[in-house]
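Input: a single structure, listed below in structure tokens.
The values are calculated or read from the model by the stated rules, or taken from the named source; none is laboratory data. Small disclaimer: the values here were computed from a predicted structure and weren't measured. Don't worry about glycine lacking a Cβ; one is built from the backbone with ideal geometry, like all the others, and counts go over all protein chains shown.
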Amino acid sequence: MSEFDQFSDNYQALLNVSVSITGEAGEYFAAYKAKFVAAKVAPKPDCRILDYGCGVGLVSGQLKRFLPQARIDGYDVSQLSLDRIDPRLRAKGTFACNMRDLGGAYDAVVLANVLHHIEPHDRQRAISEAASLLGRGGKLVIFEHNPANPLTRRAVDRCPFDENAILLPPRETREYLVRSGLRRTLLNYIVFFPRALKWLRPLEGSLGWCPLGAQYAMVGSET
Ligand SMILES: C[S@@+](CC[C@H](N)C(=O)[O-])C[C@H]1O[C@@H](n2cnc3c(N)ncnc32)[C@H](O)[C@@H]1O
């Protein structure tokens, strides 16, 4: 049994409670990440993307929404989470807990809030494995909670499925990418304003440098 099997029935509800402080539901954050991938990472509309640690498919679903022509596959160690993925999404890709069932040569591999659930000693192996699934010119994108943001830490502390989470700063994430051969890295802080300050959100695109974001995105590629 994998850790997230126990949360597969109510993952989305628990997520919604833990992020409610922002005035948004979990869907807002999944859509935010998918929009980021569509705008900054996907090389073309009909690209192939692997959602590594896809869980119940929240980010996968949003990737399909923003990149309808793309093929979205998913991988997760929790079979019960995979079982909860929308059948319409599953019908258009491969969602598996066995790597051998997946293709390879992906244009992008996305890890959305996965790495902090992997034991530190196992993180390099996971990132090297994810990098090995990239095709020529492919990009690896890691979305992580920003441990320097006190509101993020508070949300993590209160979230039942984050009980064993160990957050990691951008420099640690970058090291995994570089050691996997993805030497060109780009860091963007994301998610700055709660719903109450929604009118300021158009500024977020120019705040990628600012370490106050609730999360960050690290993109790695060979060149
Ligand atoms: C917080 S959930 C995030 C799910 C999804 N990416 C999202 O943003 O909604 C973390 C997921 O990582 C998965 N996970 C944990 N360790 C993993 C590993 N070594 N390989 C693949 N997935 C893993 C868990 O099973 C869980 O589904």
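Quick look at the values:
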read-out	value
Sole residue being surrounded by 18 or more Cβ atoms within 10 Å (Cβ to Cβ) and modelled with pLDDT under 95, chosen from Val19, Val59	Val19
Residue selected from the range 158-171 under the condition over 18 Å from Val59 (Cβ atoms) and touching a residue at least 24 places away in the same chain (Cβ under 8 Å), by the criterion farthest from the ligand (Cβ to nearest atom)	Pro170
Per-region count, the range 141-157, residues away from the ligand (no atom under 14 Å from the Cβ) and touching a residue at least 40 places away in the same chain (Cβ under 8 Å)	5
Qualifying residue in the range 74-82 (condition: touching a Cys at 6+ places or on another chain (Cβ under 7 Å), under 19 Å from His145 (Cα atoms) and surrounded by fewer than 21 Cβ atoms within 10 Å (Cβ to Cβ))	no
Filter result for Pro211 (more than 24 Å from Asp107 (Cβ to Cβ) and touching a residue at least 60 places away in the same chain (Cβ under 8 Å))	yes
Criterion (away from the ligand (no atom under 14 Å from the Cβ) and over 17 Å from Ala217 (Cα atoms)) met by exactly one of Asp46, Asp9	Asp46
Top-ranked residue of the range 196-220 - restricted to ones that are of a type in the set (A, V, I, L, M) and assigned to a loop (DSSP other than H, G, I, E, B), ranked as nearest to the chain's Cα centre (by Cα)	Ala214
Per-region count, the range 107-125, residues within 8 Å of the ligand (Cβ to nearest atom) and without any contact (Cβ under 8 Å) to a residue 12 or more places away in the chain	2
Among (1) part of a strand (DSSP E or B); (2) closer than 25 Å to Arg158 by Cα, the one test that Leu15 misses	(1)
Neighbours by Cβ (under 7 Å, 6+ apart or cross-chain): first from the range 55-72, without any contact (Cβ under 8 Å) to a residue 24 or more places away in the chain; second within 9 Å of the ligand (Cβ to nearest atom)	Ile72/Asp51; Ile72/Ser60
Matching option when the condition is in a helix (DSSP H, G or I), at pLDDT 95 or above and more than 13 Å from the ligand (Cβ to nearest atom), among Ala34, Ala38	Ala38
Scope the range 115-138; condition touching a Lys or Arg at 6+ places or on another chain (Cβ under 9 Å), under 13 Å from Val178 (Cα atoms) and either aromatic (Phe, Trp, Tyr) or crowded, with 19+ Cβ neighbours inside 10 Å (or both); matching residues	Ile127
Residue list for the range 53-86, filter: in a loop (DSSP other than H, G, I, E, B) and more than 8 Å from the ligand (Cβ to nearest atom)	Leu67, Pro68, Gln69, Ala70, Arg84, Ile85, Asp86
